[in-house]
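Everything below concerns the one structure shown next.
The values are calculated or read from the model by the stated rules, or taken from the named source; none is laboratory data. Model, not experiment: these values are computed from the prediction. Methodologically, a virtual Cβ is constructed for each residue, glycine included, from the backbone with ideal geometry; neighbour enumeration extends over all protein chains shown.
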Amino acid sequence: MVGGGTAGWISASLLAKKLKGDPTKTVTIIESPNIPIIGVGEGTVPSIRETLRKIGISERDLFVHCDATFKQSIKFTNWLDNSIHGKYNSYHHLFDYPFPFGDNLCPYWHNDQSSDFAEMVSIQQHTAESMRAPKDMVHREFEGVSDYAYHFDAHKFAVLLKRNAIDNLGIEYIQDNVTDVRLGTENLIEAIVLEQCGDKNFDFYVDCSGFSSILLGGSLEIPFIDKKDVIFSNRALTVQVPEEESVIPPYTISTAHKAGWVWDIALSRRRGVGFVFSDHFMAQDQAYQKLERYVGRSLDSLNVRAIKMKIGHRKKAWHKNCVAIGLSQGFVEPLEATAILISDFSANFLCNKLPHNTSELPVLEKRFNNAVIYTWERVIDFVKLHYCISDRQDSDFWIENRNTNSIPDSLLEKLSLWKHSYPTKDDFFSKFEVFDIENYLYILCGMKYGFTKRLLDPQAMDRYGEQVVKVLMAAKEQQKLLPDQRALLKKLKLHGFPSI
Ligand SMILES: Cc1cc2nc3c(=O)[nH]c(=O)nc-3n(C[C@H](O)[C@H](O)[C@H](O)COP(=O)(O)OP(=O)(O)OC[C@H]3O[C@@H](n4cnc5c(N)ncnc54)[C@H](O)[C@@H]3O)c2cc1C
């Protein structure tokens, strides 16, 4: 593995777990001593819990060492035209599956429209809005009453992964720069050349070198499929604001602005704020001023980082005896926190399809690439959805986002399908849908998508109405039982959760 960022350590750890007990195979990570990790990426999705469990990192360690907090949702604000939607211009994309009592309530919500979609169909909306954690001290590690993920300090998380990988998983670690790559027969990678240690030969190579993609993009020359015409945001200004005692929202706050959006993530000792924008529609100076206004204080004494984002993915993620995972494979801006998710997915897929000899490479390569490229396309569709169904008129950024030339055909097709009928489960039929009906419903209904109204008969309205009342009652009960997030974090650092 080349690269010691989140992607490198997660992939190496999963591989080491998979190969445990096989004395003929080892995993080695090579990390540059002077090229820093990107160190952003503070929002995750629920699959991270399974990954941590698999690689043997305890939930308590995450909270103690990485300033972690619980994440149950993303709260989107100002993604619609404020002059039309006013105070109703915000909604949640929750992690819990909606409809806890069975029926798809989207048609009911559309016929009724007396309240917010997520509030009507999910208990978790109420838990999140009352700043509660998704669990209490009695719940076991990685279990709760609602689905959840974490916010954490990305630098500290990489250190925790590294320590666990070296101390507990037997991963070999070399600190050196890869300066060259030697290709052998049939253009397989034969060796990588290290600045200090010279040539190193391995059977299989994983490129986790970040945006530079030194193996797959560099030496193997796999082209980059640029998606800047679909996803316009290509810059981020990030800052960490110290804050020790304020309320910790158990969700990411995502506030749209004229040329992008701002993420606001509360950790236990600070906030991480990132101003995401497109430099075609806003200059960096202006973005800086707007970030300052958002944070509500001068940023002079804080370290503001400016990050360029390369939006798109490699044409192939696996070529010959090399796979790229993480930013070296691709990246689609931070909205919906999909990067660690795709790294995780790729690493797990690789573990299941690890070749035993070179003759197996072509078939595995094809399978892996089909799945991973499909995943990228679906992630791009989903991220674009947030922009292209907005009715904001206040800048070219929003108007251009609705231009059908910028919307992938696969998404246009779905959107026209949903003009005709409300979304149903069978609109999503692949095993590799990263975002499924529930995710789409939260966004479409939250953004008040223009479904064609299909009237429901009074009996159906009554039946659905009863389920909505049940949601509200269950939400009230749950709020009584769950603790405030900050109070729980304090206890947790002292005592930890019961182990699995
Ligand atoms: C603005 C922004 C916000 C983001 N927010 C989120 C989020 O909320 N959620 C999420 O899931 N993801 C997010 N991401 C993505 C997330 O940061 C990355 O997916 C994650 O950090 C993994 O990065 P990486 O390991 O691929 O690369 P990096 O962290 O860049 O690591 C690259 C590694 O390669 C090594 N390396 C490079 N060249 C060489 C060489 N020649 N020799 C040896 N070693 C080398 C470096 O030393 C480093 O260790 C965000 C990204 C950006 C840009």
Residues of segment 146-177 that turn out to be more than 12 Å from the ligand (Cβ to nearest atom) and polar (S, T, N, Q), as a count: 3
Test: GLY330 is in contact (Cβ under 8 Å) with a residue 12 or more places away in the chain, touching a His at 6+ places or on another chain (Cβ under 9 Å), within 15 Å of the ligand (Cβ to nearest atom) and more than 22 Å from PHE382 (Cβ to Cβ): no
Members of segment 281-323 that are without any contact (Cβ under 8 Å) to a residue 60 or more places away in the chain, in contact with a helix residue (DSSP H, G or I) (Cβ under 8 Å, 6 or more places away or on another chain) and surrounded by 14 or more Cβ atoms within 10 Å (Cβ to Cβ): TRP318
Failed criterion for GLU143 (all others in (1) within 30 Å of LYS425 (Cα to Cα); (2) surrounded by fewer than 16 Cβ atoms within 10 Å (Cβ to Cβ); (3) within 16 Å of the ligand (Cβ to nearest atom) hold): (3)
Conditions (1) away from the ligand (no atom under 11 Å from the Cβ); (2) surrounded by 23 or more Cβ atoms within 10 Å (Cβ to Cβ); (3) farther than 16 Å from LEU15 by Cα; number of the one not met by THR358: (2)
Matching residues, segment 172-209, being under 17 Å from GLU221 (Cβ atoms) and either of a type in the set (Lys, Arg) or not assigned by TED's automatic domain parsing to the domain that holds ASN34 (or both): ARG182
Unmet requirement for THR338, which otherwise passes all of (1) within 16 Å of the chain's Cα centre (by Cα); (2) surrounded by 24 or more Cβ atoms within 10 Å (Cβ to Cβ); (3) at pLDDT 95 or above: (3)
Flag for PHE63 being of a type outside the set (D, E, K, R) and in contact with a Phe, Trp or Tyr (Cβ under 7 Å, 6 or more places away or on another chain): no
The lone exception for SER13 - which of (1) more than 6 Å from the ligand (Cβ to nearest atom); (2) buried (at least 23 other Cβ atoms within 10 Å of the Cβ); (3) among the small types (Gly, Ala, Ser); (4) under 19 Å from GLY330 (Cβ atoms) it fails: (4)
Filter result for the condition that a residue is within 14 Å of the ligand (Cβ to nearest atom) and modelled with pLDDT under 95, over GLU31, GLU42: GLU42
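One line per residue, one yes/no per condition, for (1) surrounded by 13 or more Cβ atoms within 10 Å (Cβ to Cβ); (2) assigned by TED's automatic domain parsing to the domain that holds HIS85; (3) more than 29 Å from SER146 (Cα to Cα); (4) in contact with a Lys or Arg (Cβ under 6 Å, 6 or more places away or on another chain):
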residue: GLN393; (1), (2), (3), (4): no, yes, yes, no
residue: TRP398; (1), (2), (3), (4): yes, yes, yes, yes
residue: SER421; (1), (2), (3), (4): no, yes, yes, no
residue: ASP426; (1), (2), (3), (4): no, yes, no, no
residue: GLU438; (1), (2), (3), (4): yes, yes, no, no
residue: LEU456; (1), (2), (3), (4): yes, yes, yes, no
All positions within segment 19-50 that are assigned to a helix (DSSP H, G or I) and in contact with a Leu (Cβ under 7 Å, 6 or more places away or on another chain): SER47
Strands (runs of 3 or more DSSP E) contained entirely in segment 205-267, each with at least 3 residues that are more than 12 Å from the ligand (Cβ to nearest atom): 224-226, 235-242, 252-257
Selection count, segment 400-419, where residues are surrounded by fewer than 16 Cβ atoms within 10 Å (Cβ to Cβ) and not polar (S, T, N, Q): 6
Spans of helices (runs of 4 or more DSSP H) in segment 391-500 with at least 3 residues in contact (Cβ under 8 Å) with a residue 60 or more places away in the chain and more than 30 Å from LYS54 (Cα to Cα): 396-401, 437-446, 458-481
Single residue of LYS414, LYS491 found to be among the basic types (Lys, Arg) and in the same structural domain as ARG132 (by TED's automatic domain parsing): LYS414
